[in-house]
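Novice: Sharing a structure below in C-alpha cells format, with a few things to ask.
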Amino acid sequence: MTNRPVRVRLAPSPTGTPHIGTMRQAIFDWLLARKTGGKFVLRIEDTDRNRFVPTALEEIEASLRWLGLNWDEGPEVGGPHEPYFQSERLPLYKEAARKLIADGHAYECYCTPERLDQMRARQRELKEPPHYDGRCRTEEGRAAAKAEAGDRRPVVRFFMPDEGETVVSDFVRGEITFENARLDDAVLLKSDGFPTYHLAMPVDDHEMEISHVIRNEEWLPSAPLHRRIFDALGYELPVFVHTASILGPDRSKLSKRHGAQSVLEYRDAGYLPEAVFNFLGLLGWSLDDKTEIISREEFIQHFTLDRIQKSPGIFNIEKLNWMNAEYMRLMPVERLAALLIEWLERPESEGGLPSNAARPLDFDYTARIVPLVRERVKLLPEARDMMAFFYLPDGVEPDPAQLLGKTFRDNRSRAQLLLSEALVAADQVEGWSHEALEAAFRDLATRMDAKPGDLFMLMRVALTARTVAPPLFETMEIIGKERSVERLRVAVNLL
RNA sequence: GGCGCCAUCGUCUAGGGGACCAGGACGGAGCCCUCUCAAGGCUCAAACCGGGGUUCGAAUCCCCGUGGCGCUACCA
C-alpha cells in the first residue's frame with residue numbers, strides 16, 4: 001500500500017475511437033483524483049506505429065471533455081512530466097532497457113519473427129504452452145541467432161526466472177500468485193527502438209509518480225511481469241486495481257457488433273453527458289442498495305476504490321435510456337432548452353426541424369415548450385417530432401383520415417360540426433390560458449353532447465397533425481390564439 | 001491446451017456468518033390517475049450456479065466441480 005499523493009492516469013493508445021470501457025475507467029480515475037485532491041493525468045501510449053490512427057487523439061479528448069473529465073496533466077495542458085506522448089519519451093525507455101541488461105534482468109534477442117513463429121507452431125503441436133524458448137539468454141545462442149539475423153536490430157527481452165513465483169496484489173481482488181515458470185520472457189524494446197507496453201508502462205508510471213493504476217482486467221495476466229519489472233528497476237509499486245470488463249448482451253466483451261461502443265456515439269445519438277456519466281459510474285461501482293441517480297458531486301464525495309465490482313457487467317442500454325429520461329426531467333429547463341435548440345436548429349436531414357421553421361429559434365418560446373415535451377421523450381432527437389408543430393409558420397397538414405380517426409370514420413359531418421363549433425368557441429375564449437381553454441372546451445363538449453376525449457382528439461390532430469402530442473390546452477396556450485384558430489379553420493375546411 | 005479472473009432476479013446491484021421465506025433499480029405484467037402519449041402512484045412475477053465441507057447456524061468462509069470471460073504478439 002502506498003501513501004504517496006494520489007496520482008492516477010488514463011493511458012489510452014490512439015488506435016481508434018476510445019472504447020466505452022476506457023471512459024468508465026477514466027471516470028473512476030477522475031473520481032479518485034477529485035475525491036483525494038490528487039491529479040488525473042492523461043498519457044498517450046502511441047508506441048505502436050502500425051496501429052496508429054491520427055484522429056484517435058482528438059476523439060479521446062472529445063470523449064473526456066464531453067463527460068466533463070478534465071485532466072490535470074497531459075496533452076494540451078502540459079505538466080511537470082512532459083512530454084505525455086510515449087513516442088516522445090524514447091530515451092527513457094532505452095535507458096531503462098540498458099539498465100535492465102546491465103543488471104542481468106534483460107537481454108538482447110536476435111531471433112527472427114520467422115523463427116519465433118515456427119517455434120510457437122512446434123510448441124502448439126507438442127501441446128506445450130507457447131513461450132519464448134530462451135535461446136538468446138545465453139552468449140552462444142545469441143551469437144548463433146545474430147548470425148542468422150543479418151543486419152536486423154535485436155529486441156530486448158525480460159529475463160523471467162524459471163523458478164519461484166510472483167505475487168501480485170490487487171486492491172479489490174487481493175493477492176494473486178503466479179508461477180514464474182508459466183511466465184514468458186516478454187519483449188520490452190522492439191527492434192524499431194520503440195518500447196512495448198510492458199516497459200513503457202512501468203517507466204512512465206514511475207517517472208510520473210503514479211500512485212494508483214486502474215486498468216481493465218485483461219491486464220491481470222501480465223501484472224506479474226509488470227511487478228517484476230518494477231522490482232528489477234527498483235521502482236516503488238503503485239496500487240493496482242483491475243476493473244471488470246463491460247460486456248455486450250451476449251456476454252462477450254463489448255465491441256463493434258454490439259452497436260455503439262464509444263461515448264461519442266451516445267453523444268451523437270442524443271444522450272446527455274450527465275446521464276452517461278451517471279450510468280457508467282454505476283456500472284461496476286455502487287454506493288449502496290438504493291442510489292441510482294447520483295450527481296457528480298455526490299459521486300466525488302462518496303467514491304471509494306473498495307466498492308468497485310469484481311465481476312463483469314453487461315451494458316444495459318434500457319437502463320441508460322431510463323436514466324437519460326430522468327436527467328431530462330431533472331435538469332434545469334434552461335439547460336434542456338439550450339440543448340434542444342442545438343438539435344432543432346440543425347438541417348432537417350440531420351435531425352433538425354423542417355426548413356420552413358425559422359432559425360435561430362426563440363429561446364424563451366422553446367423554454368415554455370420544454371416542460372411539456374421532456375416528460376415524453378427519452379432522447380434529445382426524439383423531441384423533434386413532438387415539437388415541430390410549435391414552430392411551423394404555415395400550420396400543419398393533418399390528413400382527413402387521421403383527423404377522423406376511428407371515432408368519426410363513418411361520421412364525417414359530426415366531426416365537421418364539432419370542429420366548427422370548436423372554432424367558434426376558441427374565438428370567444430376570454431383570457432387565453434390553458435385553464436380557461438379547458439373550461440371552455442369541456443363546456444362545449446357538454447353542450448354538444450360529445451365525449452370530451454373525442455372532441456379533444458379532433459382538436460389535437462387539427463392543431464398538431466398528430467395523435468400523440470403534449471397536453472392540448474397547454475399546447476394551445478403556447479401556440480396562441482391566432483395560430484390555434486387558423487389551424488382549426490383549416491381543419492374544418494379539410495373535412 | 002495452459003494460466004488467471006469471475007459467479008445474487010433477464011440486466012445493473014445491496015448483502016460479507018444469525019437482522020434474508022434475500023432489499024433497491026431498469027425492463028416486464030396488472031391496477032389507479034388521465035384529453036392522446038408520457039410522467040406519477042400502487043401491486044405482482046423474477047435470483048443466492050451445483051456438490052461437499054466448516055459451524056448451533058452459510059447467499060456470506062473453505063474445497064471440488066461447472067459455467068462465463070480474459071490472457072497466451074517485436075498490440076495495447
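The values are calculated or read from the model by the stated rules, or taken from the named source; none is laboratory data. Values in this document were obtained by computation on a predicted structure and should not be read as measured data. Cβ: placed from backbone, ideal geometry, glycine included. Neighbour counts: every protein chain shown. Accessible surface areas use protein heavy atoms only, side chains included; no ligands, DNA or RNA. Shrake-Rupley method; radii C 1.70, N 1.55, O 1.52, S 1.80 Å.
Novice: Need the C-alpha centroid separation for region A:347-397 versus region A:28-59, integer Å.
Specialist: Rounded to whole Å, the Cα centres lie 38 Å apart.
Novice: Which length gain, in nm to one decimal place, applies between A:Asp427 and A:Arg51 when the Cα-Cα distance is subtracted from 0.36 nm times their residue separation?
Specialist: Full-extension gain reported as 128.5 nm.
Novice: Here's a follow-up. Based on the inverse mean of 1/r over its pairs of different Cα atoms, what is the Kirkwood hydrodynamic radius of region A:113-179, in Å?
Specialist: 14.6 Å
Novice: Return the subset of A:Lys253/A:Lys319; A:Lys99/A:Lys190; A:Lys406/A:Lys481; A:Lys35/A:Lys310; A:Lys290/A:Lys319; A:Lys256/A:Lys319 for which the Cα-Cα distance in this structure is over 23 Å, preserving the input order.
Specialist: Too far apart for the 23 Å limit: A:Lys406/A:Lys481.
Novice: Let me ask something else. What number in nm² do you get for region A:276-408 if you take the convex hull of its Cα atoms and divide its surface by four?
Specialist: 11.9 nm²
Novice: Taking the full set of protein chains and a 1.4 angstrom probe, give the accessible area of A:Asp449 in square angstrom, rounded to the nearest 10.
Specialist: Near enough 130 Å² of accessible area.
Novice: Let me ask something else. Loop-only trypsin sites (Lys or Arg not before Pro) in region A:87-186, please: DSSP not H, G, I, E or B, and at most 10 other Cβ atoms within 10 Å.
Specialist: Loop-located and lightly packed - A:Lys127.
Novice: Output the Cα-based Rg and Dmax of region A:288-362 in Å, rounding Rg to one decimal and Dmax to a whole number.
Specialist: Spelled out, the Cα radius of gyration and Dmax of region A:288-362 are 18.2, 56 Å.
Novice: Distance from a point 7 Å along Cα→Cβ of A:Glu58 to each backbone N in region A:1-45: keep the residues under 13 Å and list them by number.
Specialist: Flagged as within label range: A:17.
Novice: Can you pull the percent of Cα pairs in region A:60-174 with separation above 25 Å? Please list the in-between numbers first.
Specialist: Values: 3378 of 6555 pairs.
Of all Cα-Cα pairs in region A:60-174, 52 percent lie more than 25 Å apart.
Novice: Enter the Cα centre distance for the pair region A:405-461 and region A:202-273, rounded to the nearest angstrom.
Specialist: 61 Å
Novice: Any chance you could list P(r) for region A:1-64, counting all Cα-Cα pairs in 5 angstrom bins from zero, rounded to whole %?
Specialist: Taking every Cα pair in region A:1-64, the percentages come to 4, 18, 25, 21, 15, 9, 6, 2.
Novice: Now for a separate question. Dipole of region A:319-422, Cα-centred, from +1 at each Lys and Arg C-beta and -1 at each Asp and Glu C-beta, to the nearest 20 debye?
Specialist: Dipole size: approximately 440 debye.
Novice: Taking a temperature of 20 °C and a viscosity of 1.002 mPa s, what whole-number D in µm²/s does Stokes-Einstein yield for region A:181-279 with Rh from Kirkwood over alpha carbon pairs?
Specialist: Reported coefficient: 131 µm²/s.
Novice: From the residues A:Gly259, A:Thr407, A:Pro224, which one has its Cα farthest along the dipole of chain A in the positive direction, the dipole being from +1 and -1 charges on Cβ of Lys/Arg and Asp/Glu about the Cα centre?
Specialist: Going by the charge dipole, the pick is A:Thr407.
Novice: With a 1.4 Å probe and all protein chains left in place, how much of the accessible area of chain A comes from carbon and sulfur atoms, in whole percent?
Specialist: Details: 11350 of 23200 Å².
Here it works out to 49 percent.
Novice: Provide, as a two-decimal number, the C-alpha radius of gyration of region A:343-455 over 2.2 N^0.38 Å, N being how many residues it has.
Specialist: Ratio of Rg to 2.2 N^0.38 Å for region A:343-455: 1.28.
Novice: I need the trypsin sites (Lys or Arg not before Pro) found in region A:10-67, filtered to DSSP loop residues with at most 13 other beta carbons within 10 Å of theirs.
Specialist: The qualifying sites are A:Arg49, A:Arg51.
Novice: Tell me the per residue accessible area of chain A using a 1.4 Å probe; a whole number in Å² is fine. Let's see the in-between values first.
Specialist: Working: 23200 Å² over 495 residues.
Computed with neighbouring chains in place, this is 47 Å² per residue.
Novice: Kindly give the semi-axes, whole Å and largest first, of the ellipsoid equivalent to region A:332-392, taking each as the square root of 5 times a Cα gyration tensor eigenvalue.
Specialist: Semi-axes, largest first: 16, 12, 10 Å.
Novice: Still on this structure, I have one more. In terms of the ratio Rg/(2.2 N^0.38 Å) built on C-alpha atoms, what value belongs to region A:400-494?
Specialist: So region A:400-494 has a normalised radius of gyration of 0.96.
Novice: Might you report the magnitude of the Cβ-based charge dipole of chain A about its Cα centre, with Lys and Arg at +1 and Asp and Glu at -1, to the nearest 20 debye?
Specialist: In debye, rounded to 20, chain A gives about 800.
Novice: Report the semi-axes of the equivalent ellipsoid for region A:89-243 in whole Å, largest first, where each axis is √(5λ) for an eigenvalue λ of the Cα gyration tensor.
Specialist: Ellipsoid semi-axes (Å, largest first): 27, 20, 13.
Novice: If the convex hull of the alpha-carbon atoms of chain A is projected onto planes in all directions, what is the mean projected area in square nanometres? Intermediate results must be reported in sequence, preceding the final value.
Specialist: Values: hull surface 124.6 nm².
For chain A, the mean projected area of the Cα convex hull comes to 31.1 nm².
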